[in-house]
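Q: I'd like to ask you about the structure that follows.
What follows is calculated from the coordinates using simple rules that are stated; it is not laboratory data. Quick caveat: nothing in here was measured; it's all calculated off a predicted structure. No Cβ is skipped: glycine too gets one built from the backbone with ideal geometry, and neighbour counts run over all protein chains shown.
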Amino acid sequence: MAPLDDEPELRAGLARAGQSHLLRFWPQLEPAERAALAETLRALGAEELGAHCRRAAQTYAREQQEEEEAGGHPEGLAGRLQPVPPEFFGSVARSEPATLERWEEEGLRQISQGKVAVLLLAGGQGTRLGVPYPKGMYDVGLPSRKTLYQLQAERIRRVAQLAGEKFGTSCKVPWYIMTSEFTLGPTEAFFRDHDYFHLAKSDVVLFEQRMLPAVTFDGKAILDGKGKLAMAPDGNGGLYRALADNKILEDMERRGIRYIHVYCVDNILVKMADPVFVGFCVSKGADCGAKVVEKAYPTEPVGVVCSVDGVYQVVEYSEIPSEVAEMRNPDGRLTYSAGNICNHFFTLDFLQTIAEKFEPQLKSHLAIKKVPFVDEVGNRVNPLKPNGIKLEKFVFDVFQFSKNFVAFEVLREEEFSPLKNADPASKDTPTTARRSLLSQHYRWAQKAGARFMDSQGHPIPEIQSLSGDEEPPAVCEISPLVSYFGEDLEQYLNAKEVQSPLLLDESQAEALRQA
Ligand code: UTP
């Protein structure tokens, strides 16, 4: 592939690729803008750019046609689906406490030996939330005003401490953070400004995923400015390319990591390096695992982890025929109940095999979006309806390559509350995320024996079995540095009268312990 670094060559390459329009405003560009555009095009490569645009338009045309033929009736998959068999399906709700303890101990053992890392997918643009900074920097309005990044950093510190104390080691859980062109700079600065939330800087490894051009329905790369292509990150499945591009797997190997817990930035309840999940996966000898929550109702819009023709994958709810979605087991539970929450376990060996061998086989999915563009005369337009295609890979598309796949069902109200939309949307907002966390902490405090009082010293009536959707009667936020998942709270709270709002950080906990 010839480099596109001088104009005639640039023009010729783009003409062959059917993308000459990208130089439409070339005569009007300043030298620095020309250099930047030429550099972008050179990095993409004219031939690859042409192939990408053709693939996007063809995928779009094919999917349109398939949709017309199917007429919105997803019959194709009926008879080909199978749920994950019970022997490979763990469940928090349906396991004996002793079994859960065994898995937890196994997970903590692996962590204590420094074999577990966490990997955060934080390259998304967060368009639905609509803030001009990375989602991890969002503060949902907790009493502590902690951001998602800070909550996660503190959970990492605490789980490493728990594992170290249990097994008498000094251990670390390295934190790998996949960012994109949109999120890398601000994320880096945020961590620096907050002194890496007291984690060692060397244990926080930021890396960047690739960007791909957005394309019109007829296969033309879109100009975002006169000298700038509209680009978007290549989906959370861009992880596998990014791991190879940035030599992250080598870094993991050097550190002796064997197991990686991958998760999304926006789940405020995420249990980082979850010892129970890790322990379950390790005990089962899994190379790949998915944490799931039970689907609430048959038509809930959530992807389902199951197999199609014997191959594991996540099937979109819209692809599951309604009679299949409604099937139930003898115990009344939905047969296809394993709701995907983008929370995965991988062995390092598995990731190495994907990066080296299977990554090119991962499917590119179509996302139809409103992509701002410059029109023929150079005016920037914010389209009112979708005008562009972005191609994305999905992190879960590697399930098909697993030799020993497992699923692990956890309680939604304890482990899953994503931040996707801005208030006042009806779900997955800052309000619902804050409420989920505060209800969880209220339940933990209640279980530990706390008695909440109002500011006048009157007892606040308790609510038993508070769900994550309800506003708790008392406000209680527990620092992850005090308790990772509700453990060890009796020493501070049992039979103690505490005033709402309670912010149980380390110093408050110590004061209560001595009270
Ligand atoms: P979502 O699909 O919810 O996308 O990402 P998003 O970017 O956060 O939000 P919208 O759709 O633009 O509103 C799920 C997870 O995958 C990560 C996100 O950062 C989030 O943790 N992700 C998504 C990436 O890391 N890279 C991507 O290219 C896309």
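Q: Calculate, in nm to one decimal, what Glu510 and Asp469 gain on full extension: separation in residues at 0.36 nm each, minus their alpha carbon distance.
A: The span from Glu510 to Asp469 would gain 11.7 nm if fully extended.
Q: Further question on the same structure: Rg(Cα) of the range 89-204 divided by 2.2 N^0.38 Å? Intermediate results must be reported in sequence, preceding the final value.
A: On the way: Rg = 16.6 Å, N = 116, 2.2 N^0.38 = 13.4 Å.
Computed over Cα atoms of the range 89-204, the ratio equals 1.24.
Q: To continue, here is another question. Treating the beta-carbon of each Lys and Arg as +1 and of each Asp and Glu as -1, no other charges, what is the dipole magnitude of the chain about its Cα centre, to the nearest 20 debye?
A: The dipole magnitude comes to about 520 debye.
Q: Excluding same-chain residues fewer than 8 positions from Lys427, which aspartates and glutamates have a Cα within less than 15 Å of its Cα?
A: Partners found: Asp266, Glu300, Glu413, Asp469, Glu470, Glu471.
Q: Sticking with this one: For the pair Lys427 and Glu294, what calculated FRET efficiency results from E = 1/(1 + (r/R0)^6), where r is the Cβ-Cβ distance and R0 = 22 Å, to the nearest 0.05?
A: 0.85
Q: Among the trypsin sites (Lys or Arg not before Pro) in the range 44-109, which ones are in a DSSP loop with at most 15 other Cβ atoms within 10 Å of the Cβ? Mind listing them?
A: Arg80, Arg94
Q: If you stretched the chain out fully between Val308 and Glu48, how much longer would it get, using 0.36 nm times the residue separation minus the C-alpha to C-alpha distance?
A: Extra length available between Val308 and Glu48 comes to 90.4 nm.
Q: Do you know the relative contact order of the chain, to the nearest whole percent, from alpha carbon pairs under 8 angstrom that are 6+ apart? Provide the component values of the computation, followed by the final result.
A: Numbers: 993 pairs, mean separation 92.4, N = 515.
Result for the chain is 18 percent.
Q: Please list the three semi-axes, largest first and in whole Å, of the ellipsoid equivalent to the range 137-210, using sqrt of 5 times the eigenvalues of its alpha carbon gyration tensor. Intermediate results must be reported in sequence, preceding the final value.
A: On the way: eigenvalues 111, 56, 18 Å².
The equivalent ellipsoid of the range 137-210 has semi-axes of 24, 17, 10 Å.
Q: Dipole of the chain (Lys/Arg Cβ +1, Asp/Glu Cβ -1, origin at the Cα centre): which of Phe350, Leu44, Gln113 lies farthest to the positive side?
A: Result: Leu44.
Q: How do Val371, Val406 line up, fewest other C-beta atoms within 10 Å first?
A: In order of increasing Cβ crowding within 10 Å: Val371, Val406.
Q: Another one. For Asp505, list long-range residues whose amide hydrogen, built 1.01 Å from N in the peptide plane, is under 5 Å from its own amide hydrogen.
A: The list, which skips near neighbours in sequence, is Ser479.
Q: Ok, one more. For the range 75-134 and the range 232-252, what is the centre-to-centre distance using only Cα atoms, to the nearest Å?
A: A separation of 20 Å, based on Cα centres.
Q: Quick check on the range 135-275: of the DSSP beta bridges with both residues there, what percent are antiparallel, nearest 5%? Working shown, then result.
A: On the way: 7 of 12 bridges.
So the antiparallel bridges in the range 135-275 amount to around 60 percent.
Q: Additional query: What translational diffusion coefficient, in µm²/s and rounded to a whole number, does the Stokes-Einstein relation yield for the chain at 4 °C and a viscosity of 1.567 mPa s, taking the hydrodynamic radius as the Kirkwood radius over Cα pairs?
A: 52
Q: Still on this structure, I have one more. Taking H as built 1.01 Å from N, whose amide H comes closer than 5 Å to the amide H of Glu208, not counting residues under 5 places away?
A: Thr179
Q: Out of the range 338-416, which trypsin sites (Lys or Arg not before Pro) are coil in DSSP terms and have no more than 16 other C-beta atoms within 10 Å?
A: Details: sites: Lys357, Lys363, Lys369, Lys370, Arg380, Lys390, Lys393, Lys403, Arg412; in loops: Lys363, Lys370, Lys393, Lys403.
Counting only loop positions with at most 16 other Cβ atoms within 10 Å, the trypsin sites (Lys or Arg not before Pro) in the range 338-416 are Lys363, Lys370, Lys403.
Q: Taking 8 Å as the Cα distance limit and 6 or more residues as the minimum spacing, I'd like the relative contact order of the range 290-428 as a percentage.
A: Relative contact order of the range 290-428: 28 percent.
Q: When Cys281, Cys171, Cys53 are ordered from fewest to most other Cβ atoms inside 10 Å of their Cβ, what list results?
A: Details: Cys281 32, Cys171 19, Cys53 24.
In increasing order of surrounding Cβ atoms, one gets Cys171, Cys53, Cys281.
Q: Here's a follow-up. Give me the Kirkwood hydrodynamic radius of the range 373-466, using the inverse of the mean 1/r over all pairs of distinct Cα atoms, in Å to one decimal. Walk me through the numbers before you get to the answer.
A: Working: mean 1/r = 0.0528 Å⁻¹.
Kirkwood radius, the range 373-466: 18.9 Å.
Q: So, in nm, how far is label Leu77 from label Ala15 when the simple model puts each one 7 Å beyond its Cα toward the Cβ?
A: The modelled label-to-label distance comes out at 4.7 nm.
Q: Also, quick follow-up: Using 0.36 nm times the number of residues separating Ala36 and Asp139, minus their current alpha carbon distance, what extension gain do you get?
A: So the chain would gain 33.6 nm between Ala36 and Asp139.
Q: For the range 356-423, state which GluC sites (Glu not before Pro) are in a DSSP loop and have at most 11 other beta carbons lying within 10 Å of their beta carbon. Don't skip to the end; give the middle numbers.
A: Values: sites: Glu356, Glu376, Glu392, Glu409, Glu413, Glu414, Glu415; in loops: Glu376.
Taking the range 356-423 and a limit of 11 other Cβ atoms within 10 Å, the loop GluC sites (Glu not before Pro) found are Glu376.
Q: Between Gln64 and Phe358, what is the spin-label point distance in nm, taking each point 7 Å from the Cα along the Cα→C-beta axis?
A: 3.3
Q: What 222 nm value per residue comes from the helices of the chain, counting each DSSP H run with n ≥ 4 as -39,500 (n - 2.57) and dividing by all residues, nearest 500 deg cm²/dmol?
A: -9500 deg cm²/dmol
Q: With +1 on the Cβ of every Lys and Arg and -1 on the Cβ of every Asp and Glu, and nothing else charged, how large is the dipole of the range 18-136 about its Cα centre, in debye rounded to the nearest 20?
A: It works out to roughly 400 debye.
Q: Could I ask something else about it? Could you pull the Rg and Dmax for the range 256-358, using just the Cα atoms, both in Å?
A: Values for the range 256-358 (Cα only, Rg and Dmax): 15.2, 47 Å.
Q: Sticking with the crude label model, points 7 Å out along Cα→Cβ, report the distance from Phe217 to His194 in nm, one decimal please.
A: In this crude spin-label approximation the distance works out to 4.2 nm.
Q: Now for a separate question. Lys and Arg at +1, Asp and Glu at -1: add these up for the other residues within a Cβ distance under 13 Å of Arg102 and post the number. Mind showing how you got there, number by number?
A: Working: positive: Arg109, Lys284; negative: Glu96, Glu101, Glu104, Glu105, Glu106.
Taking every other residue near Arg102 into account, the sum is -3.
Q: Oh, and also: Per 5 Å bin, what percent of the C-alpha pairs of the range 416-515 does each bin hold, from zero upward?
A: Pairs per bin, as whole percents: 2, 14, 23, 23, 17, 11, 6, 2, 0.
Q: Based on alpha-carbon centroids, what's the gap between the range 456-515 and the range 290-319 in Å, whole number please?
A: 36
Q: If you don't mind, another one. Write down the percent of antiparallel bridges among all DSSP beta bridges whose residues are both part of the chain, to the nearest 5.
A: 55
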